[in-house]
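Participant: Before I ask anything, let me first share the structure, which is written out below as structure tokens.
The values are calculated or read from the model by the stated rules, or taken from the named source; none is laboratory data. Keep in mind that this is a model prediction, so the values were computed, not measured. With ideal geometry, Cβ positions are generated from the backbone for all residues, glycine too; neighbour counts draw on all protein chains shown. Heads up: the accessible areas ignore ligands, DNA and RNA and are worked out on the full protein's heavy atoms, side chains in. Shrake-Rupley method; radii C 1.70, N 1.55, O 1.52, S 1.80 Å.
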Amino acid sequence: MTTPNQNLPVLCLTMNPAVDLSTGTERVVPTHKLRCGETLHAAGGGGINVARVLQRLGSAAHVLCPAGGPSGEWLKSRLADEGLITSLVPIAQETRISLTVHELSSGAEYRFVMPGPALAEPEWQTCLQRLADWAPFPAWVVASGSLPPGVPADFYARVARLCRERGARLVLDASGPALAAALAAGVYLVKPNLRELSELLGEPLDDPATWQAAAQRLVDAGSAEVVALTLGHRGALLATADAVWQADPLPVAVVSAVGAGDSFVGGLVSALQRGKTLLDAFGWAVAAASATLLTVGTALCRAEDVHRLRAGVAITRLTAAQPRPPS
Ligand SMILES: Nc1ncnc2c1ncn2[C@@H]1O[C@H](COP(=O)(O)OP(=O)(O)OP(=O)(O)O)[C@@H](O)[C@H]1O
Ligand SMILES: [Mg+2]
């Protein structure tokens, strides 16, 4: 196994991309036609958002995703317009469309997310093969977002094994059975939010002591070398075999939280890819997530906001590592 060159573009795997539509209406009520304002279209899906944040922060990123039908064609041209180098795997069914509706009277955001097209086995196998054949193989792979119907729950576990064989570090942002299976295979870094971690462990995580213990447990079990647990308005935790650190939330005026998690991953991986330490990267992750809160709808962070906010991120070491028994 050779260690890949760190400067290679980050490969962002997005198995369930979407055309994100966002619009606004005065009030969301049943039955009546809801007259909406201007409609914005954006290419979305976990890995695509991460790639966009990477690009904005000066890191090269490539996207690998399936795409089908007219919405898949739209996605293709939109990603090209954005200058994102994309490897698309054609699929028979149509790429999904997601809808975010901003209720103007309350400021609430309603997010309607479809399951996505069903992939046939040869289609998802082609995605895996495309990754296996990627040359030169990237040092950093991000796998982010849900798996569409038809893709087996062990898909990310297969990706995890492939990355390990090829000496690449896998950063995973997923949920449910796909997350559980990948963690059983072992990843470099996992970024659950509190709900995803609580579901994974089958336990309520009600207070800071349980958050910390749960993150540490994943590291101790060998599920991930690094656990970045995001806590929404309560900030984030970072756990490694050495210690657990906490980042306080930044006091920003929240316009829209859409994409905060993806921006967190983008900020983190961008810094790591540029050779920053894990703790510094954690600070960039919080800055990127917080900068995304300042933008409307599906819009992500602006680089200047990320740089401005980085200085305000306070990170505290919560614990020293438990002394490890000699192996
Ligand atoms: N209301 C908020 N106030 C301050 N910071 C926030 C707020 N919401 C999110 N953040 C910041 O964004 C980070 C990621 O947010 P969150 O935990 O909500 O991710 P997520 O649940 O994965 O989001 P997504 O809906 O994008 O998947 C948090 O760790 C925190 O730093
Ligand atoms: Mg998330």
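Participant: Please state which of the following conditions Gln93 fails to meet, knowing it meets all the rest: (1) closer than 15 Å to Gly259 by Cα; (2) open to solvent by 70 Å² or more (accessible area, probe 1.4 Å).
Facilitator: Gln93 satisfies all of (1) closer than 15 Å to Gly259 by Cα; (2) open to solvent by 70 Å² or more (accessible area, probe 1.4 Å) except (1).
Participant: Failed condition for Gly150, given (1) in contact with a Leu (Cβ under 7 Å, 6 or more places away or on another chain); (2) open to solvent by 30 Å² or more (accessible area, probe 1.4 Å); (3) within 16 Å of ligand 1 (Cβ to nearest atom), with all others met?
Facilitator: Of (1) in contact with a Leu (Cβ under 7 Å, 6 or more places away or on another chain); (2) open to solvent by 30 Å² or more (accessible area, probe 1.4 Å); (3) within 16 Å of ligand 1 (Cβ to nearest atom), only one is false for Gly150: (3).
Participant: In addition: Is it true that Ala311 is open to solvent by 30 Å² or more (accessible area, probe 1.4 Å), more than 14 Å from Pro192 (Cα to Cα), over 15 Å from the mean Cα position of the chain (by Cα) and among the aliphatic types (A, V, I, L, M)?
Facilitator: When the stated conditions are applied, Ala311 passes them.
Participant: Right, next: When you go through (1) surrounded by fewer than 23 Cβ atoms within 10 Å (Cβ to Cβ); (2) within 16 Å of the chain's Cα centre (by Cα); (3) under 16 Å from Thr100 (Cβ atoms) one by one for Gly24, which number turns out not to apply?
Facilitator: (2)
Participant: When you go through Thr319, Thr295 one by one, which is the residue that is within 20 Å of the chain's Cα centre (by Cα), surrounded by fewer than 24 Cβ atoms within 10 Å (Cβ to Cβ) and either within 20 Å of Leu170 (Cα to Cα) or hydroxyl-bearing (Ser, Thr, Tyr) (or both)? Spell out the reasoning first.
Facilitator: Values: Thr319 fails: within 20 Å of the chain's Cα centre (by Cα).
Result of the check over Thr319, Thr295: Thr295.
Participant: Follow-up question, since we're still on this one. Take the residues in the range 154-173 that are touching a helix residue (DSSP H, G or I) at 6+ places or on another chain (Cβ under 6 Å) and buried (at least 24 other Cβ atoms within 10 Å of the Cβ), then tell me which one is farthest from Trp134 (Cα to Cα).
Facilitator: If we take residues in the range 154-173 being touching a helix residue (DSSP H, G or I) at 6+ places or on another chain (Cβ under 6 Å) and buried (at least 24 other Cβ atoms within 10 Å of the Cβ), then Asp173 is farthest from Trp134 (Cα to Cα).
Participant: Quick one: in the range 193-237, which of the residues that are more than 13 Å from ligand 1 (Cβ to nearest atom) and hydroxyl-bearing (Ser, Thr, Tyr) is most open to solvent (accessible area, probe 1.4 Å)?
Facilitator: Thr210
Participant: Here's a follow-up. Of all residues in the range 84-116, which are more than 20 Å from the chain's Cα centre (by Cα) and assigned to a loop (DSSP other than H, G, I, E, B)?
Facilitator: Passing the criteria: Ile91, Ala92, Gln93, Glu94, Leu104, Ser105, Ser106, Gly107, Ala108.
Participant: On to the next question. Just checking: which of the helices (runs of 4 or more DSSP H) contained wholly in the range 255-322 hold 3 or more residues that are within 16 Å of ligand 2 (Cβ to nearest atom) and at negative phi?
Facilitator: Of the helices (runs of 4 or more DSSP H) lying wholly inside the range 255-322, those with at least 3 residues that are within 16 Å of ligand 2 (Cβ to nearest atom) and at negative phi span 260-273, 278-292.
Participant: State the number of residues belonging to the range 181-192 that are within 16 Å of ligand 2 (Cβ to nearest atom) and either part of a helix (DSSP H, G or I) or open to solvent by 30 Å² or more (accessible area, probe 1.4 Å) (or both).
Facilitator: Summing the residues that are within 16 Å of ligand 2 (Cβ to nearest atom) and either part of a helix (DSSP H, G or I) or open to solvent by 30 Å² or more (accessible area, probe 1.4 Å) (or both) in the range 181-192 gives 2.
Participant: Would you pick out the residues in the range 227-246 that are under 18 Å from the mean Cα position of the chain (by Cα) and of a type outside the set (S, T, N, Q)? Quick ask: steps written out before the conclusion?
Facilitator: At the first step, the residues of the range 227-246 found to be under 18 Å from the mean Cα position of the chain (by Cα) are 227-233, 235-239.
Within the range 227-246, Val227, Ala228, Leu229, Leu231, Gly232, His233, Gly235, Ala236, Leu237, Leu238, Ala239 qualify.
Participant: Can you report the number of residues in the range 233-254 which are hydroxyl-bearing (Ser, Thr, Tyr) and either without any contact (Cβ under 8 Å) to a residue 24 or more places away in the chain or within 16 Å of ligand 2 (Cβ to nearest atom) (or both)?
Facilitator: Residues that pass the stated criteria total 0.
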